[in-house]
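Since the structure comes first, as structure tokens, the remarks are kept for the end.
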Amino acid sequence: MSPSLFAAKSYRTPALVLRTHKLGEADRIVVLLTPEHGQVRAVAKGVRRTSSKLGATLEPFMFVDVQLVRGRTLEVVTQAQLRAPYGQALAADYARYTSAHAMAETAERLTETDGESGAAQFRLLHGAVAALARGDTDPGLLLDSYLLRALATAGWAPSFTDCVRCGAPGPHTAVNIPLGGVVCHDCRPAGSQSPAPETVGLLAALLSGDWSRANGSPPGARREAAGIVAGYLQWHLERVVKSLKHVERA
Ligand SMILES: [Zn+2]
């Protein structure tokens, strides 16, 4: 390790652990989302030894306070303190765990290059992971609401009320994914989908955070909405979010 790495400045920040992967024999790379520094990739040294105190703290979906030293390519974690062990609550439940994975993968993708929306993306993910850990709302609904709002925060706000092309007030029944939501009868291009009206209503509720309406939605609308959200996500990320396929839908 070069001594210049340690001459650099250190800083402290709250962070959500998005993902970890192994590095060498005993180290781990942790991908963090922070409110002020956006996405941060850091090396946690020695954490895979059983004696490491950092190890259990730096697991996916843990909310931590970390002390970081700036490096040339990666930061180095020198301390980590647990603030909320969301990872523990999520690991016990498959549906919540897989939903959290899909959220984290999306957050990682959306904040890879976009440093500007970091604070908003952090707040959104933190709220969603905390709600998943509480376990009082359907994980699939929380996931789809999170995905729509994360895309909106990244600059790709869909509309499920007014026509995305001409602005004519809804409700409209046709959805066009490349155009970003519902289209009126006059604007409707070939290839638009015609989901059930409850599905469009659910999508609008998930985007605006109208939970009383979302929680009252029928299973068929939830499944159909999930397919539209996945399509919209893939259209903008230009890649499949791999962890979405592990999420079980009711
Ligand atoms: Zn229109």
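The values are calculated or read from the model by the stated rules, or taken from the named source; none is laboratory data. Predicted model, so just to flag it, every value in this text is computed and none were measured. Using ideal geometry, Cβ is built from the backbone for each residue, glycine included, and neighbour counts are taken over all protein chains shown. Areas reflect the complete protein model, heavy atoms only, side chains present, ligands, DNA and RNA absent. Shrake-Rupley method; radii C 1.70, N 1.55, O 1.52, S 1.80 Å.
Within the stretch 153-193, how many residues turn out to be within 27 Å of the chain's Cα centre (by Cα) and either among the small types (G, A, S) or at positive phi (or both)?
Count: 8.
With respect to A174, is the statement that it is crowded, with 16+ Cβ neighbours inside 10 Å, touching a residue at least 24 places away in the same chain (Cβ under 8 Å) and in the same structural domain as A102 (by TED's automatic domain parsing) true?
It is false that A174 is crowded, with 16+ Cβ neighbours inside 10 Å, touching a residue at least 24 places away in the same chain (Cβ under 8 Å) and in the same structural domain as A102 (by TED's automatic domain parsing).
Taking T98 as the residue in question, decide whether it is away from the ligand (no atom under 16 Å from the Cβ), closer than 18 Å to R213 by Cβ and open to solvent by less than 30 Å² (accessible area, probe 1.4 Å).
Considered against the rule, which asks whether it is away from the ligand (no atom under 16 Å from the Cβ), closer than 18 Å to R213 by Cβ and open to solvent by less than 30 Å² (accessible area, probe 1.4 Å), T98 comes out as no.
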